[in-house]
Amino acid sequence: MAIITLTTDLGTKDHYVGVLKGSILSQCPDATIVDISHEIPSYDILKAAYTLKNAFADFPEGTIHIIGVNPEISEKAVSLVVHHKGQYFIGADNGIFSLIFEEKPEKMVEIGIMVNPDALTFPTKDIFSKAACHIAKKGPLEMIGKPTTEWNEKGLFRAVSLGNIIKGMAIHIDHYGNIITNIDNTFFKAFGQGRDFKIEFRRGDYDITSISKVYSDVPEGEKLAIFSSVGMLEIAMNKGNASKLLGMKESDIVRIEFYDR
């Protein structure tokens, strides 16, 4: 029984998600469909990449991930099936794969499924779902496209270090108002070497000088810094909305200054 996940910007107000699932089940009646998110902001491949990057590792080998965000609808648009770490990823070659993976995947195939030109208005259903079900039925990738080693690359602002400072940014505000940054735990520990530090944001109005293990390490309504389950630094508030109360939004700068004892 194949697992097929969906990450799209279709929303849940209209019929599009239902139609997509219906198409998959018509081709693969035994498929298990998992919604990762349909609330990706329209055409936002950065947010889609962040969402799927933090989700796919918890799925079993053989899972098939459909990415229906900014599918670049045109007869010349290239779509890919990417096989990496035992899982399959299907979507437009719009730069999203280079944002999801740290390295080139084991195998990539440029999808060559022929469809009616009128069907190009919904490639997630008319192309990606067909590719997913072909894979679910153990069909070889070469039957739906030609191997390739090239993909569209997109740059992503990464946390950097200068002197005694790590400079990063807020890359995501979650449902609870937690502010997730692009500063990961490995980089933090390697650069910090156990030194004292000060996390600065909003021009230094709300400095934090320690890392909490759980949200309840601080009183309710108090701000804190914590590394998430995927190892990214969060600015949060115990039972509060950090983004609203601290006035932070995505792309705001976060600095960590380290001090020698």
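For the reader, a short list of remarks on this structure follows.
- Condition check for Met248: surrounded by 18 or more Cβ atoms within 10 Å (Cβ to Cβ), among the hydrophobic types (A, V, I, L, M, F, W, C) and under 23 Å from Arg195 (Cα atoms): no
Per-residue answers, yes or no, for (1) within 17 Å of the chain's Cα centre (by Cα); (2) in contact (Cβ under 8 Å) with a residue 60 or more places away in the chain:
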{"position": "Thr12", "(1), (2)": "no, no"}
{"position": "Val17", "(1), (2)": "no, no"}
{"position": "Tyr43", "(1), (2)": "yes, no"}
{"position": "Leu46", "(1), (2)": "yes, yes"}
{"position": "Asn70", "(1), (2)": "yes, yes"}
{"position": "Phe97", "(1), (2)": "yes, no"}
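- Every listed requirement among (1) outside any strand (DSSP E or B); (2) polar (S, T, N, Q); (3) closer than 24 Å to Gly145 by Cβ is met by Thr12 save one, (3).
- Flag if Ser79 is in contact with a Phe, Trp or Tyr (Cβ under 8 Å, 6 or more places away or on another chain) and either of a type in the set (Lys, Arg) or more than 18 Å from Lys130 (Cβ to Cβ) (or both): no
- Hey, Lys21 in a helix (DSSP H, G or I), free of Cβ contacts under 8 Å to residues at least 60 places away in the same chain and among the basic types (Lys, Arg) or not: yes
- Residue check for Pro29: in the same structural domain as Leu99 (by TED's automatic domain parsing) and either at pLDDT below 95 or in contact with a Phe, Trp or Tyr (Cβ under 8 Å, 6 or more places away or on another chain) (or both): no
- Residue within segment 154-170 that is surrounded by 12 or more Cβ atoms within 10 Å (Cβ to Cβ), farther than 25 Å from Phe258 by Cβ and more than 17 Å from the chain's Cα centre (by Cα) present: no
- Hits in segment 209-237 - residues which are within 25 Å of the chain's Cα centre (by Cα) and more than 22 Å from Thr186 (Cα to Cα): Met237
- Flag for Thr51 being buried (at least 16 other Cβ atoms within 10 Å of the Cβ), polar (S, T, N, Q) and closer than 20 Å to Pro140 by Cα: no
- Test result for Lys198, surrounded by fewer than 16 Cβ atoms within 10 Å (Cβ to Cβ), part of a strand (DSSP E or B) and of a type in the set (D, E, K, R): yes
- Of all residues making up segment 83-95, the number that are in contact (Cβ under 8 Å) with a residue 40 or more places away in the chain and either of a type outside the set (Gly, Ala, Ser) or closer than 17 Å to Ile36 by Cβ (or both): 5
- Among the residues of segment 48-68, those that are under 13 Å from the mean Cα position of the chain (by Cα) and either over 18 Å from Thr32 (Cα atoms) or β-branched (Val, Ile, Thr) (or both) comprise Ala48, Ala49, Tyr50, Thr51, Lys53, Asn54, Ile66, Ile67.
The values are calculated or read from the model by the stated rules, or taken from the named source; none is laboratory data. As the structure is a computational prediction, the values presented were derived from the model and not from experiment. Backbone-built Cβ (ideal geometry, glycine too); neighbour counts: all protein chains shown.
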